Amino acid sequence: MQTETPSSFRLICFPESARSTAYYLSLSELLLPTVEVLAIQYPLHTGDEDGEDGERLADCPELVDRIFGALGEWTDRPIAFFGHRVGADLAYRVAERLERETGTPLLTLFVSGRTAHWGRALGPPALGCRIVALAGEGDPKTPLRGVRAWRRRTSGRFDLEVFPGSRGYLDSSRREVVNLVHDQLLSQSTVDAEWETGAEDKGA
């Protein structure tokens, strides 16, 4: 992991491949100083996100273990995950571990350009945090029906944001994506602050 500007909470990015980490760190230039951006660096042999190696990356228990273990020193403040394409699957699996083993929910799990496609028996949602799914309206690899399936992965709030174009919306709608992240994280922080103030007023 690499860190940028210290802040009040963190956005941990799960890129789509080992070669795209720098893109996510560059988001810190557009985000408010209250957001610290970290990006996961995968082993370079993991390959292309659309190829067979990329799919193995999306379902790699050893990598989930390594990322979860590395998060220990970064959970001293509220965190959110942003996963794009196969990175969305990894972000979800690490979020599961985080909630299950530490009881620490994310502020928000952002899943981008990915359907909730892997097969599992339906049961209670594994997460309690908010999930925000991002998709391109013309992306043939991520039909909106499959993107909406993320709502079954959480007992919390679910939002779907659709951007013009196909698979390149992180570039073509970059400012809109950043604004969405801002709005979601800051609204969550406001809710937390209001809850804490209310608890103090009640003598908690």
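Points to keep in mind about this one:
- Amide H contacts for Ala39 (H built 1.01 Å from N in the peptide plane; partners 5 or more residues away or on another chain; cut-off under 5 Å): Gln2, Cys13.
- Calculated from backbone phi, Karplus (6.51, -1.76, 1.60) coupling profile of region 79-85 in Hz, x at Gly/Pro: 10, 10, 10, 10, x, 10, 6
- Solvent-accessible area of Asp183 with every protein chain in place, 1.4 Å probe, in Å² to the nearest 10: 100
The values are calculated or read from the model by the stated rules, or taken from the named source; none is laboratory data. What you are looking at is a predicted structure, and each value in this text was computed from that prediction instead of being measured. Only protein heavy atoms, including side chains, enter the accessible area calculation; ligands, DNA and RNA are left aside. Shrake-Rupley method; radii C 1.70, N 1.55, O 1.52, S 1.80 Å.
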